[in-house]
Every structure is written in structure tokens, then in C-alpha cells.
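Here's the structure, in C-alpha cells; my notes come after.
Throughout, read-outs are computed from the coordinates displayed, never taken from laboratory work. All figures in this text were calculated on a predicted structure; none of them were measured in a lab. With ideal geometry, Cβ positions are generated from the backbone for all residues, glycine too; neighbour counts draw on all protein chains shown.
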Amino acid sequence: MNLPKKIPIFPLSNFIIFPKATVPLNIFEPRYIDMVNDSLKSNKLIGMIQPRKSKKIENQMPDLHNIGCLGKIISFKETEDKRFLIELRGIIRFKIGKELETKKKYREYEINFDNYLEDLKDNKEDLKFSDLKIIFKDLKLFFEKRGFIINWKALEKQSLDEIINALVMASPFTLEEKQILLETENLNIRSNKISEILKTYSLDNYNNTTIQ
């Protein structure tokens, strides 16, 4: 695909999207309704990125993490009260560059994809589903202890990168942990990082009822 040199940025708190994952979004702020409208008229691309957690200064835009993910609007519906319900598909990660001066209500940035072009390719990692059974076993237990239900049989039909990215997005990991996983170089490193993160949690310290 032709990658853009600049994109509209949606700095959404408490939300991260990964390549090859699809998520629904409810767009209701006027500036982001404008952004979706403009995107639908062009390439349907939007950059999703986390604002940094810092003390907010009045009338100052929040600082952003350096790494986000380009998403493509694959479906949309406009509601009677003028909101947008969209489905966004993660395409490729990016690094933000210069913020552009614009009269638009939303922010635009120059971006660079050079370190993440592998995201566009079909998964060629040296991993097999069987290699991840231990991680998935621990992750499954972690989900269940936190009261999350995952259709594991359905996941097994997907590619490994789709499985891992979908599980990370749906996991009860902190946003900081998810940001670390987003920034990992490749799937092998990401799976190892998941294992490291799981070791930091004491799975028996949760009082939630285990889902059978």
C-alpha cells in the first residue's frame, strides 16, 4: 500500500491498537468527527497514539508517545445524533515526527514507518502455535482470574501475530505495559515480553471467580 507521509492523529487515552487487529470506536467529539469525515473523503487512514501521562497544562495539547499505529477505517455508520461508529483495522506502526501547523481542529503529524515495514507482511516469524502453549496457558489463566472470557478455539484459526496482538489488546495489562509491547521490534520479542509481564503478576492474588 502507499503509505502517507502525514496523517491525522487521534491521541486517545486508555486505548492502543495493534497491527492486524480490528476494534470498534464511538466517535463523538466534534473535532474527531471532522477528522473521520476528512479521512473518509481521502485514504480512510487515522493514526492512533497514546498521550503521555503528565500534568495537564491548561490550553496545551498533551505530549504523545513516540510510537503509534496507523489504522484504516474498514466500516462506518453515522448515527442520528451525528456520531460515527467505526471499525478500525491496525495496519502498521509509526514513529511521529514534526507536528504540522494546521487550521484543522485535530492534530496532524509527519510520520515515519521505516522501522516497522515488517508489519505489512504476512507473518514469517520462526514461531509455531505449539511454541506459545506455555505463554498462552499462563495468559489464559490470567484472563480467567480477572473475569475475562476469550474464545480460544476461534483464536487458533488466526495467524500468530493476529492472535498475540488481539490478546494483548484485550488483556488486563496496564496501558504502560501495552505500550511497551506495541514498541517491541517483532513477534518473537513481543511473545517473550508477554511472558516477562505475566511473571510480574501473582495470579493467585485475585479474588475474581475463575471462569470454567
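With a cut-off of 8 Å between alpha carbons and a minimum separation of six or more residues, what is the relative contact order of the chain in percent?
22
Can you list the HN-Hα couplings for segment 144-157, worked out from phi with the Karplus curve (6.51, -1.76, 1.60; θ = phi - 60°), rounded to whole Hz and with x for Gly and Pro?
5, 5, 8, x, 9, 10, 10, 7, 5, 4, 5, 5, 4, 7
Rounding to the nearest 10 and keeping the result within 0 to 90°, find how far the Cα-based axis of helix 160-170 lies from the longest principal axis of the chain.
Taking Cα atoms only, the helix is inclined about 80 degrees.
Add +1 for every Lys or Arg and -1 for every Asp or Glu among the other residues with Cβ under 12 Å from the Cβ of K193, and state the total.
For residues surrounding K193, the net value is -1.
If I build a Gaussian network model for the chain, linking alpha-carbon pairs within less than 10 angstrom, which residue out of N26, N186, N66 has the largest mean-square fluctuation?
In this elastic network of the chain, the residue with the biggest mean-square fluctuation among N26, N186, N66 is N26.
What's the exposure ranking of K98, K140, going from fewest to most Cβ atoms within 10 Å?
So the residues, fewest neighbours to most, are K98, K140.
So how many Å³ per residue does the convex hull of the Cα atoms of segment 129-202 work out to?
Residue-normalised Cα hull volume stands at 83 Å³.
In the structure displayed, which of K77/K104; K72/K95; K20/K44; K44/K98; K41/K77; K6/K105 lie more than 19 Å apart, Cα to Cα?
K77/K104; K44/K98
For the chain, modelled as a GNM with alpha-carbon contacts under 10 angstrom, which of D119, D161, D81 fluctuates the most?
Largest GNM mean-square fluctuation: D81.
Counting only C-alpha contacts under 8 Å and six or more residues apart, can you give the relative contact order of segment 1-115 as a whole percent?
Worked out over segment 1-115, it gives 33 percent.
Around S75, with a cut-off of 13 angstrom between Cβ atoms, what is the net charge of the other residues, counting Lys and Arg +1 and Asp and Glu -1?
Taking every Cβ under 13 Å from that of S75, the sum is +2.
Please get the size of the charge dipole for the chain, origin at its Cα centre, with Cβ charges of +1 on Lys and Arg and -1 on Asp and Glu, quoted in debye to the nearest 20.
Using Cβ point charges on Lys, Arg, Asp and Glu, the chain gives about 280 debye.
Considering the dipole of segment 129-202 built from charges on the beta carbon (Lys and Arg +1, Asp and Glu -1) around the Cα centre, which of F136, I149, N186 is farthest to its positive end?
With unit charges placed on the Cβ atoms, the residue in question is I149.
Give the order of E144, E78 when sorted by the count of other beta carbons within 10 angstrom, beginning with the fewest.
Listed from fewest to most nearby Cβ atoms, that is E78, E144.
Of R89, R107, how do they rank once you tally other Cβ atoms within 10 Å and put the fewest first?
R89, R107
Pairing the Cα long axis of helix 187-200 with the longest principal axis of the chain, what angle in degrees results, from 0 to 90 and rounded to the nearest 10?
70
Counting only helical runs of four or more DSSP H residues, what would the 222 nm mean residue ellipticity of the chain come to if each run contributes -39,500 (n - 2.57) and the total is spread over all its residues?
-8500 deg cm²/dmol, from helical runs alone.
Under the rule of at least 5 residues apart or a separate chain, name every residue whose amide H is placed under 5 Å from the amide H of Y106.
When sequence neighbours closer than 5 places are left aside, there are no close amide H contacts.
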